[in-house]
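Down below is the structure, laid out as structure tokens.
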Amino acid sequence: MHDADTSLCACTALRKATRAITRIYDARLASHGVNVNQFAMLRHIARAGDIALSRLAAQLVMDRTTLYRVLRPVEQAGWVETFPEAKGRGRRVRLTAGGEALLAGATADWQACQDDVRAHLGDDGWDRLYAASAAVLALEGDR
């Protein structure tokens with residue numbers, strides 16, 4: 001028989017939690033025609049003004065293939081535009097007026113979802129969630 005501590009898988013537990021929280025946010029953002037992955041990307045782009053795709057992928061902890069898969073429908077919806085770097089072969093991305101409007105319209109629903117999650121977890125649970133997330137992200141840098 002396995003000891004309870006050794007039979008648990010951190011990866012499986014985190015993936016289950018991520019799928020659950022993603023469904024919660026996606027449901028709240030659905031009326032805006034955007035999912036939480038797209039919304040997060042748009043917020044990162046909005047904060048940057050414009051940003052190299054490679055840097056955006058790094059900030060979102062995504063490989064480029066995943067970034068492009070998330071970016072494609074956002075670009076087709078007219079919320080962002082990509083353009084070449086001034087030098088080199090890289091590409092950059094920025095919000096369009098449509099993307100700014102989408103963020104303005106969806107942010108209240110995203111914030112309501114944040115508030116609901118925080119209320120469910122409590123302030124201590126919220127703080128522990130962020131501390132645990134930071135610790136997990138640091139694991140990758142330690143390798």
In degrees, nearest 10, range 0 to 90: what is the angle between the Cα axis of helix 97-142 and the longest Cα principal axis of the chain?
40
For residue 8 paired with residue 81, estimate the spin-label separation in nm (one decimal), with each label point 7 Å from Cα along the Cα-to-Cβ line.
5.0
1/(1 + (r/R0)^6) with r = Cβ-Cβ of residue 135 and residue 65, R0 = 25 Å, i.e. FRET efficiency to nearest 0.05, evaluates to 0.40
Which of rounded, prolate, oblate describes region 1-72, given a ≥ b ≥ c as roots of the alpha-carbon gyration tensor eigenvalues and a/c under 1.5 marking rounded, otherwise prolate only if a/b is larger than b/c?
oblate
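Suppose all protein chains stay in the model; what accessible area per residue would a 1.4 Å probe give for region 80-139, in Å²? All intermediate terms of the calculation are to be shown ahead of the outcome.
On the way: 3880 Å² over 60 residues.
Heavy-atom accessible area per residue stands at 65 Å².
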Given springs between every Cα pair under 10 Å in a Gaussian network model of the chain, which of 33, 122, 88 has the largest fluctuation?
88
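I'd like to check one number: the per residue accessible area of region 1-69, probe 1.4 Å, reported in Å² as a whole number.
Numbers: 4620 Å² over 69 residues.
It amounts to 67 Å² per residue over region 1-69.
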Which distance in Å, rounded to a whole number, links the C-alpha centroids of region 10-43 and region 52-129?
12
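Which value results when the Cα radius of gyration for region 1-128 is divided by 2.2 N^0.38 Å? Please list the in-between numbers first.
Details: Rg = 17.4 Å, N = 128, 2.2 N^0.38 = 13.9 Å.
Its radius of gyration relative to the 2.2 N^0.38 Å reference: 1.25.
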Could you state the angle between the C-alpha long axis of helix 36-48 and the longest principal axis of the C-alpha atoms of the chain, as a value from 0 to 90 degrees rounded to the nearest 10?
60
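For region 53-143, take N as its residue count and report Rg(C-alpha) divided by 2.2 N^0.38 Å. Walk me through the numbers on the way to the answer.
Details: Rg = 16.9 Å, N = 91, 2.2 N^0.38 = 12.2 Å.
Against the empirical 2.2 N^0.38 Å value, I get 1.39 for region 53-143.
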Can you list residues from other chains, or at least 5 along the same chain, whose modelled amide H is less than 5 Å from the amide H of residue 96?
80, 81
Principal axes of region 31-105: Cα extent on each, largest first, Å:
38, 23, 21
Gaussian network model of the chain, Cα within-10 Å springs - most flexible of 133, 54, 31
133
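Tell me the mean residue ellipticity at 222 nm calculated for the chain from its helices only (DSSP H runs of n ≥ 4, each -39500 (n - 2.57), averaged over every residue, nearest 500).
Details: 6 runs with 103 residues, N = 143.
The helix-only estimate for the chain comes to -24000 deg cm²/dmol at 222 nm.
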1/(1 + (r/R0)^6) with r = Cβ-Cβ of residue 21 and residue 96, R0 = 22 Å, i.e. FRET efficiency to nearest 0.05, evaluates to 0.20
Enter the angle in degrees (range 0 to 90, nearest 10) between the Cα long axis of helix 64-76 and the first principal axis of the Cα atoms of the chain, meaning the one along which they spread out most.
50
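The values are calculated or read from the model by the stated rules, or taken from the named source; none is laboratory data. Since the model is a prediction, treat every value here as computed from it, not as a measurement. Cβ coordinates were reconstructed from backbone atoms using ideal geometry, including for glycine residues, and neighbour counts include every protein chain displayed. Note: areas computed on protein heavy atoms with side chains; ligands, DNA, RNA excluded. Shrake-Rupley method; radii C 1.70, N 1.55, O 1.52, S 1.80 Å.
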